[in-house]
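Below is one structure, written out as structure tokens, with a few remarks after it.
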Amino acid sequence: MPSKKSMLPTNYSAVLSGGAMPTRKKIAFAVAGTLFFALTASSYGAGPATSQVDTTHLAVTDTEVTVGQLHSSTGTMAISETGAIEAERLAISQINAMGGVLGRKIKVIQEDGASDWPTFAEKAKKLLEENRVAAIFGCWTSASRKAVLPVLERDNGLLYYPTFYEGLEQSKNVVYTGQEATQQVFAGLDWVSKTKNAKTFYLIGSDYIWPRTTMKLARKYIETVLHGKVVGEEYAALGSTDFGSTINKIRLKKPDVIYAAVVGGSNVSWFKQMKAAGINGKDHTLLTLSVTEDEAKGIGGENLVGFYSAMKYFQSLNTPRNETFVKEFKVMWGAGAPVGDVTQAAYEGPWIWKAAVEKAGSFDTDKVAKAEESGTISFDAPEGMVYLEPNHHLKTKLRIGEWRTDGQADIVYTSGYIMPNPFPKGY
Amino acid sequence: MNSFYSKWLGGKHGAIELAILAAFIFVVMPLWLDIFRLNMVGKYLTYAFAAVGLVMVWGYGGILSLGQGVFFGIGGYCMAMFLKLEASDPVSTAHQTTPGIPDFMDWNQVTHLPLFWEPFHSLTFTLIAVVVAPLVMAYIIGAAMFKRRVGGVYFSIITQAIAAILTILVVGQQGMTGGINGITDLKTLHGWNINSDAAKYALYYVNGALLIGVIMLCKFVLSSKLGRLLLAMRDKEDRVRFSGYDVANFKIFTFCLGAVISAIGGAMFTLQVGFMSPSFVGIVPSIEMVIFAAIGGRMSLVGAVYGTLLVNYGKTVFSESFPSLWLFFMGAMFIVVVMFFPKGLSGLYDTYLKVWLGHLVTKFGKSGLPEKLNPIKTELQNGK
Amino acid sequence: MGGYSLSDLWSILVMQGFSGLSLFSVLLLMALGLAIIFGQMGVINMAHGEFMTIGAYTIYFFSKITEKYFPGLMPFYFVVAIIAAFSIAFLIGYLVEYVLIRHLYKRPLDTLLATWGLSLIMQQIFRSMFGAREVSATLPNWLMGSWKPTPDIDIPLNGLFVMAMSIVVTLVVVLFLYRSNWGLKVRATTQNRIMAGAVGINTRKIDRITFATGCGIAGIAGACFTTIASTGPTSGSLYIVDTFLVVVFGGSASLFGTVASAFTIAQAQSILTFFMTNAMGKVVTLLAIIIILMMRPEGLFTSKVRK
């Protein structure tokens, strides 16, 4: 991947901990969301001529531009990906309400990845080669992204990927609107070691690439920077529902902090069985990387209360921008729909794409990618201003939320802006 | 030549069936579909290998293997390992901590190539491994089971457990196997870009030719004494045993044959799709492969191919038109076929089309032909 | 294990023993329904996990209704909901037998395919009815938290509950199967369908009720699992392999075998995951099961089954 190589050198000196960054002055290209653009355009087709904005035979007409949406609406991953589907739909309908992109209305083709990675690759190919979509909003698991990535690079498509993930990747064709591992891990560990005076850590995750990479970073950071001790590191098979023995091991080791990245159905079993084994937020400190409001709904607030999550966004974030967003989301998808970290990150995808397309003045992948790498794209997201760095990741803050019984979290800590650093040196 | 005709092609009807299938794969599909859809058909045809294997193992051998995906996976992984090593040359992996090893190993702090990966630098070894590895695996499982007369439902459930265990192992050993992501981003075969349109056409034709070859091989096996013994065993195993035959060995042979056929499909899958994923090793794809064979007609080698194509066509069409409701259609399709068309597509063909063709032939009375159709008439009279 | 006090080790030993027993009751409860359906009738019910999910969603539904309209009854709804879980799963099982299964008794392997299709449909129904996200039932307080016999020992209440339920259900099943008229007929039909019919047993009715009962027990199992695991459209698929393994490992037609096999597997897995990592413990357990099955293909305990 030559694209990857050429981009590497600039970002090695990234900020690892959450010190306040001097905010670079961005050109006022920021799209300020719906608040900013109150007026809505009722007719499309006022933009530049199609021959100007599309030289690569994408599905662009004078009035319409087609994009793809590729998530799992069936299979085991539908549990997690539904929020992302809904958020992207909301963003697209809002963009359309304010006149679309380059005067063109966004039309969506939704495909089902069915929680199966080969299907993701097949559908991505279909969207790019048959439907000639201008961009794809999709994927959730790392495995689905890895399956789709070669297709994107070959067909030169664009993907907006919403999940927090392990890093170690950077492609011209992908914008990562979730956090990569260093953004999620270091600041959270700093916080927990300071406020809880934690010295010993027990690491537990599901057995696949994201938890393993994350725990690798965490262990190194704990041992070399925090001078703490990892007293246990363990991985549970995906789909595992029995944690009795694991919990007993944790009780035996008595760690100051349980650091968890268990996913899927296992996650629910893990928390329910922890609660039942007398490990609760009152007497123990648990920091998890894999519980958003979506998961909290399945786990049940009473099983989570007092535990902490490290995320860039929580639904309870108390800003007017976020309150508007949450209200809009609930109007569209019902009052019961929770808004989690990934949901919010998925909402950012279409907006960032729009900003990049408008900066490039074209839907062509190469031009959009170049605009994205200019370092001047930013967006007033529900989580606050986010800045798209030339390495295709967002510069964001990290927040620590303490869970309440109602399945919402109180934000107890907010870091400064953290530079994305998908290829951390020395880890 | 005559023995070739009757043994490898399966007589006149067999020859016609094969000719139609060949025309369908080699002429109709490429003319009808663009390269993207053709590549998809190519992918489905690789599943057809597994389905054909199942016709042998299940339809004729009477052993329902729910672990066919394991063998498909072994073949696929062998090929993927070779392609991955080729894609991981020191130049294109120069940015890694350890250049020259696959990227996922680098992510998992593996600093040198595991020993069992080494031989996969050689294409010859890989091609041999595609055949031999599943053979050995199938032999071990088969020998352990059939020698102890494990059969029927037990065998199915045990193969299912093996599939589950292998998935956990492959996913767990991600430093060596790529974990749940699988082995992705495969690019070239001996410097030949497998992602170019020309390569896709070529691979499609190779795949089709291999499939036809495999079906002919199966027909040959079935036309031999072994084929008749298999049927006899399926119906009255004890009688065959009492007649002095070692039933277990025949079963092991069939099981191994089915395994190798699946593995070839797996290897072709990797070549055409450009990656391999542990999701093929698991339980769900194994059951789906059984469903392909069931819908095609579990006794029909050619039917298995059409069954595979039909189910996957349905999947694609349903899921493109109704991304959130398509499971209803799929589920209903399985139930309807099992309940009302237990012999699948080939059963439909036999009861309706073949009879109609028979009438046609009688009507235009070519001498000798009606005679040859007699077996079908008797079959019909017997209420089959 | 240096550095731990004796009382620490003692309490871990107690809790470890309990978590083994708890896993045992989970496996047993999962497998009982299938032991009846697969063991007694030879039907491979791939939708067994989905029948469990029916039970789980029933609990969820009842908890939401109670929370909204009768908040005072929260401590008691669970009992009613478990009965409802059994009844609903029983009724659906009855219906499924009538529409689908009874046509396939002569083709046991085909039941696998048909019920696989059924499981796809059921998953999609759950998704359409309750949404694609996981849900969580609000549990009564007496099911939450732990019992502390000493300050160092926590015995999970939900584990105790699952254990109690599995004992009750097992006893009821054993009583019905071996001490009741119905059980006699079921066993007669299992051993020789034609003869059973000849002596005047309505084998079709027996089949229907047996199948429905197995589904009902799956419903109870699913209801209990809401206390320890997730409730979502695909939750059932987490259990299906383990369930079949327990039944096959025990020897299909033997209820005692099912109990013994659930116990063996649970203890092995529980002890192994304590000394190894969670994932490796599971793999080693599964491998051991396979090796033993290769040596004892008919399972731990066998009795005559119709072929």
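Odds and ends about this structure:
- Here each label is just a point 7 Å from Cα along the line to Cβ, and for B:I35 and A:V412 those points are 5.7 nm apart.
- Only the Cβ atoms of Lys and Arg (+1) and of Asp and Glu (-1) were treated as charged; on that basis the dipole of chain B about its Cα centre amounts to roughly 1720 debye.
- The aspartates and glutamates within cross-link reach of B:K12, meaning a Cα-to-Cα straight distance under 20 Å and a gap of 8 or more places when in the same chain, are B:D350, B:E371, B:E379.
- Shielding by partners - mean other protein chain Cβ count within 10 Å, residues of C:293-301: 4
- Here the average projected area of the convex hull drawn through the C-alpha atoms of the range A:176-293 stands at 7.1 nm².
- Cross-link table A:K196/A:K220; A:K105/A:K125; A:K196/A:K249; A:K146/B:K84; A:K282/A:K327, entries beyond 25 Å C-alpha to C-alpha: A:K282/A:K327
- Shielding by partners - mean other protein chain Cβ count within 10 Å, residues of A:78-89: 3
- Cut-off 12 Å between beta-carbons: net charge of the residues surrounding A:G384, Lys and Arg +1, Asp and Glu -1: +2
- Among B:F250, B:F340, B:F120, the largest mean-square fluctuation in a Gaussian network model of chain B, built with springs joining Cα atoms closer than 10 Å, belongs to B:F340.
- Remark: accessible surface ordering of B:D235, B:D106 (largest first) is B:D235, B:D106, probe radius 1.4 Å.
- Checking every one of the chymotrypsin sites (Phe, Trp or Tyr not before Pro) in the range C:1-97 against DSSP loop status and a limit of 16 other Cβ atoms within 10 Å picks out C:Y4, C:F76.
- Rg/Rh (Cα only; Kirkwood hydrodynamic radius) as it applies to the range B:228-366: 1.06
- Helix B:369-381 vs. chain B, principal-axis angle (Cα, 0 to 90°, nearest 10): 90
- Mean projected area (nm²) of the alpha-carbon convex hull when the range C:109-151 is viewed from all directions: 6.3
- Here the alpha carbons of the range C:19-82 define both size measures, Rg and Dmax, at 15.4, 45 Å.
- Per residue, the convex hull around the alpha carbon atoms of the range A:313-372 comes to 101 Å³.
- Helix C:108-130 and the longest principal axis of the Cα set of chain C meet at an angle near 50°.
- Pairs of Cα atoms farther than 15 Å apart, the range B:1-97, %: 77
- Taking the square roots of five times each eigenvalue of the Cα gyration tensor of the range B:31-146, the equivalent ellipsoid has semi-axes of 32, 22, 11 Å, listed largest first.
- Rh by Kirkwood over Cα pairs, then Stokes-Einstein D for the range A:271-335 at 0.692 mPa s and 37 °C, µm²/s: 246
- Counts of other chain beta carbons within 10 angstrom of each beta carbon in peptide B:180-191 average 4.
- Under a Gaussian network description of chain B, with springs only between Cα atoms under 10 Å, the residue in B:G213, B:G296, B:G227 that fluctuates furthest is B:G213.
- Column: log10 I(q)/I(0), Debye, Cα scatterers of the range C:192-307, q = 0.18 Å⁻¹: -1.10
- Computing FRET efficiency as 1/(1 + (r/R0)^6) for B:F340 and B:Y313, where r is the C-beta to C-beta distance and R0 is 25 Å, gives about 0.80.
- Rounded to the nearest angstrom and listed largest first, the equivalent-ellipsoid semi-axes of chain C from its Cα gyration tensor are 32, 26, 18.
- The charge dipole of the protein assembly as shown, taken about its Cα centre with unit charges on the Cβ of Lys, Arg, Asp and Glu (plus for the first two, minus for the last two), comes to roughly 3000 debye.
- Projected label points at C:E67 and B:I128, each 7 Å from Cα along the beta carbon direction, are separated by 6.4 nanometres.
- Over all other residues within a Cβ to Cβ distance under 13 Å of B:F280, the charged ones net out to -1, with Lys and Arg as +1 and Asp and Glu as -1.
- Each listed q (0.10, 0.16 Å⁻¹) maps to a log10 I(q)/I(0) for the range C:115-228, found by the Debye formula over equal Cα scatterers with no solvent: -0.52, -0.94.
- Take the Cα of A:K196, step 7 Å toward its Cβ, do the same at A:E130, and the gap between the two points is 4.9 nm.
- For chain A, fraction of C-alpha pairs farther apart than 34 Å, in %: 28
- P(r) for the range B:165-249, from all Cα pairs and a bin width of 5 Å, is 3, 11, 11, 9, 8, 11, 14, 12, 12, 6, 3, 0 %, short bins first.
- Computed P(r) (all Cα pairs; the range A:104-198; 10 Å bins; percent): 15, 42, 23, 12, 7, 1
- The aspartates and glutamates whose alpha-carbon is closer than 20 Å to the alpha-carbon of B:K187, local same-chain residues fewer than 8 away aside, are A:E122, A:E129, A:E153, A:D155, A:E169, B:E86, B:D89, B:D103, B:D106, B:E118, B:D197.
- Accessible area per residue was computed with a 1.4 Å probe on protein heavy atoms; B:T351 scores about 60 Å².
- Per residue, the convex hull around the alpha carbon atoms of the range B:102-255 comes to 156 Å³.
- Here the dipole of the range C:17-240 is about 760 debye; that uses its Cα centre as origin and unit charges on the Cβ of Lys and Arg (positive) and Asp and Glu (negative).
- Equivalent ellipsoid, the range A:250-409 (semi-axes from 5 times Cα gyration tensor eigenvalues, Å): 35, 18, 13
- The contact between chain B and chain C removes approximately 3500 Å² from the accessible area (both sides summed; 1.4 Å probe; ligands, DNA and RNA excluded).
- Annotated for chain C: lysine pairs at least 8 residues apart or interchain, Cα distance under 26 Å, count 9.
- Helix B:11-23 and the long axis of chain B differ in direction by around 40°, with both axes built from C-alpha atoms.
- Positive-end residue of B:M333, A:W210, B:L189, charge dipole of the protein assembly as shown with Cβ unit charges: B:M333
- Förster radius 45 Å - calculated FRET efficiency between B:A209 and C:R107 (Cβ-Cβ, nearest 0.05): 0.80
- Normalised alpha carbon radius of gyration of the range B:253-294 [divisor 2.2 N^0.38 Å]: 1.22
- Tail fraction, Cα-Cα pairs, the range A:50-107, threshold 14 Å, whole percent: 61
- Base-10 log of normalised Debye intensity for the range B:26-339 (one unit scatterer per alpha-carbon) at q = 0.08 Å⁻¹: -0.37
- Among A:D364, A:D155, the order of accessible area from largest down is A:D155, A:D364, computed with a 1.4 Å probe on protein heavy atoms.
- Dividing the convex hull volume of the alpha-carbon atoms in the protein assembly as shown by its residue count gives 184 Å³ per residue.
The values are calculated or read from the model by the stated rules, or taken from the named source; none is laboratory data. Being a predicted model, the structure only gives us computed values, none of them experimental. Virtual Cβ from ideal backbone geometry, glycine too; neighbours counted across all protein chains shown. For the accessible areas, the whole protein counts, side chains as well, though only heavy atoms, and no ligand, DNA or RNA atoms are used. Shrake-Rupley method; radii C 1.70, N 1.55, O 1.52, S 1.80 Å.
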